[in-house]
Amino acid sequence: MKTLRLLALIILAGLSRAMGAGEAASVPDGFPRFIVPGKEPAMDSLRRLYWLHYQPAGPLIPLWDEWMPMSTLWPAVSPEQQQPMRTRWAQALASRGMSSEGYIHTHQHDGLAHAEGWPFPLWTQAGGIGWHFRGTGIQGYDGPPATPDGWTLAGAASGGINEKGWVLELTDPQASIQSPAFAIDSRIAPWLRLNWWANGLGGANGYIEWTTADAPEFSPERRMYFSPAREENLPRLFMPMGGGGGTLDKVAGETRTMIPVHRLAGWQGTITGLRIQFDNRAPAKLVIKSFHTACDTRHNINNANFIRGCHDYFLWTGDLAFLRDQIGRLRTAMRFLQREFDTRNRRCVYTTWPGHEGRSGIRYVDGKKHIVKGEGIGSNYWDLLPFGGEDALATVYYYDALRDLADLEEQIHRHPEWCVVAGADAFDPADLRQHAGDVRAYGQQRFWNPATGRFGTVDLDGTLHDYGFVFLNNEAVVYGFASPQQAASIHAWIAGTRIVEGDTSTGPDIYHWRFGPRSTTRRNIDYYFWAWSAPESIPWGYQVQDGGAVLGWSYYDLMQRLMCAGPDDAAARLAEILRWFDETQAAGGYRAYYAKDPQRGSLQGGNVPGGLGLDREFFESILVPQVMLYGFMGFQPRPDGFAIHPRLPKDWPELTITQIALHRHVLDLNATREGTVTVSGTGPTNATLAVEAPPGVRVAVAGGIAVRPDGVAD
């Protein structure tokens, strides 16, 4: 099997060219600069690293909505680039698909899984059933080609297969089509997916019926309804049927209908047949591209990341029109989270979706490996790992999303002149913050492993899984989820000063890959989704999710060090990252550097598995330089200005960051070790920026920027 981390985004024109080699081009003069006297070579390297990963960056899918806005919205490269970036983000966030229930779609490429989720696990991996009359067009994510042979038609005529799929004419009312007989386990097929086009099904209430080994006749007791395909997608679909079998003309996107059969008690045991009843009132015409079972591959983090991304976009841009347009969707997204995952009662993201219960699909019983199909499906970025059940990572993101939405609701209440609806569907910010505190208190106890002094994740059986998830623990610290004592324990473990008994990697070896810590510190051969069934065949550290490392998550490591050990410690770690980066660039880029010596590690990306995530689909590499703005400068955008809390290493006399685009301003900031912050730049003459700073930090102005003090930053 090839890598299970392929993203359709890498197929976009120019992307592999921009990121393929990991070699930085010359940086334009208008790109932000990091200036530290006496550290000029290192700061120049950091700027080149930033530019390398900024060039192809921008809106992606909801998975990255927490990381990419904060990294791409603030550089004021030029008016020609800054406004288009903002426009792209506004359009991308506003167009995030949302189901009628409030779930934010994953927006991944096509595959053989849930249309609103991740493209794998495939139904073919699960042992389901499917008919692909035309393929997806995505290499590695296609099913076996099918024909209509064996299907039984009632009130319908087959027009054969054309370039889009199986052409059907419904000649009589109440037409139906029935699949050939088969036998599959209902447990591994919780959804049915129908990709199709239709014309003439207005007002129809179509439904699926099924038979089982114990109930061999179709019955209303085993029936689930679905909506007809959107007719507007099919203007002038058909030419008259005849020997040619029909031709498509001006076809827009197909309808992808997802049918949650697992929600009915009758979907159980061995499923043996399917019948689609179209409920047409008059003749109609269809094209079925594919019809198959599907695993539930939705991500339980999408809604939280959507809320966080919209929050960051608004704070950086001050785009009130966007906030007015999206606040209803943000509230709906939060209500889905709370309803679907029972967060108010459980105080965590309690995931019960089929396959997302947090259990592994690989289990050892008496030393013998057992593969449990349908178990261990990923719920987030770490798509081989069975986060789910009482999901620790999703709960950290939910905790952060609660605070972000509380912030927005509070600002809306404070500013009635914004004309943003604060009606009956609005959340009480105080209640959101109280609930966030309850979630944090529960998580600090439930997910904490006192034997290892770090967080793990818990499945629905109550079993804690702990493989030294560095990413989970660093993010728990940075987002304020961990207590101060827990943060100190986490830092000591990752920094190597505290040895965890039983870990594969301890001490300095945690930073074996130089640019950052390993993703995990304990060898994992038994906690995966079922189709990743031979993890032991890959050496330790040569799979990203088992002892490998991802460059982007070094940002959280740097921030965790800054918070737990201070700026000197974080600066020393950053200096090592930049020495590594300089070596890769001198060798011709990431790919050239690692190709010269296999002992350096193996790169993943572009449908090739490996242990290190640096380029291609690893867009989050852009995060690393953000430690300068959000960490050492301590900058946070606000709706009416910013907060700032510099924390400079002892050998940095001052830090200057240029070309910061905030609302309609372009700022240069200078912070000194003596506690002075100087703000300069350009902006509208009728706007005054409110600046929050802790006691002892003096804010001065150089140029035409107007500022006013506004309380004390946290």
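Read-outs throughout are calculated quantities, based only on the coordinates presented, and are distinct from any laboratory measurement. For clarity, every value in this text was computed on a predicted model and none was experimentally measured. With ideal geometry, Cβ positions are generated from the backbone for all residues, glycine too; neighbour counts draw on all protein chains shown.
Please order C419, C310 by the number of other Cβ within 10 Å, starting at the fewest.
C419, C310
For R454, enumerate residues with amide H under 5 Å from its amide H, sequence gap 5+ or separate chain, H modeled in the peptide plane.
Residues meeting the criterion, in which the H sits 1.01 Å from N, are N449.
Could you calculate the FRET efficiency of N345 with E221 from 1/(1 + (r/R0)^6), where r is the beta carbon distance between them and R0 is 41 Å, rounded to 0.05?
0.85
For A487, what charge total do you get from the other residues with a beta carbon under 14 Å from its beta carbon, if Lys and Arg give +1 and Asp and Glu give -1?
Taking every other residue near A487 into account, the sum is +1.
Grab the other residues whose beta carbon is less than 14 angstrom from that of T211, score K and R as +1, D and E as -1, and report the net.
-1
Near the amide H of T272, under 5 Å away, which other amide H atoms are found, from residues 5 or more places off or on another chain, if H is placed in the peptide plane?
T211, T212, A213
Among A430, L405, Q445, whose Cα lies farthest out toward the positive end of the dipole of the stretch 354-455, if unit charges sit on the beta carbon of Lys, Arg (+1) and Asp, Glu (-1)?
Q445
How would D400, D214, D651 line up from fewest to most surrounding beta-carbon atoms within 10 angstrom? Could you put the intermediate results ahead of the total?
Working: D400 22, D214 9, D651 13.
Ranking D400, D214, D651 by Cβ neighbours within 10 Å, fewest first, gives D214, D651, D400.
Once amide H atoms are built 1.01 Å from N in the peptide plane, which residues 5 or more positions from K39, or in another chain, come under 5 Å H to H?
none
Evaluate the distance, in nm, between pseudo-label points positioned 7 Å from the Cα of T147 and of A534 along their respective Cα→Cβ axes.
3.4
If I take every Cα pair under 8 Å that is 6 or more residues apart in the stretch 123-294, average their sequence separation and divide by the length, what percent do I get for the relative contact order?
Details: 444 pairs, mean separation 63.3, N = 172.
Relative contact order comes out at 37 percent.
Starting from the stretch 622-714, pick out the trypsin sites (Lys or Arg not before Pro) whose DSSP state is loop and whose Cβ has at most 13 other Cβ atoms within 10 Å.
Values: sites: R647, K650, R664, R673, R698; in loops: R647, K650, R664, R673.
Of the trypsin sites (Lys or Arg not before Pro), the ones in loops of the stretch 622-714 whose Cβ has at most 13 other Cβ atoms within 10 Å are K650, R664.
Exposure proxy check: W448, W580, W74 ranked by fewest other beta carbons within 10 Å?
Starting with the residue having the fewest Cβ neighbours, the order is W580, W448, W74.
Among the GluC sites (Glu not before Pro) in the stretch 636-714, which ones are in a DSSP loop with at most 13 other Cβ atoms within 10 Å of the Cβ? Mind listing them? Can you show the working numbers first?
Values: sites: E654, E674, E692; in loops: E674.
Loop-located and lightly packed - E674.
Subtracting the Cα-Cα distance from 0.36 nm times the residue separation, let me have the gained length for T676 to Q91 in nm, one decimal. Please report the intermediate quantities before stating the final value.
Working: separation 585, 0.36 × 585 = 210.60 nm, distance 3.85 nm.
Contour length minus the Cα-Cα distance gives 206.8 nm.
How many lysine pairs in the chain, separated by 8 or more positions in sequence or lying on different chains, have Cα atoms less than 30 Å apart?
14
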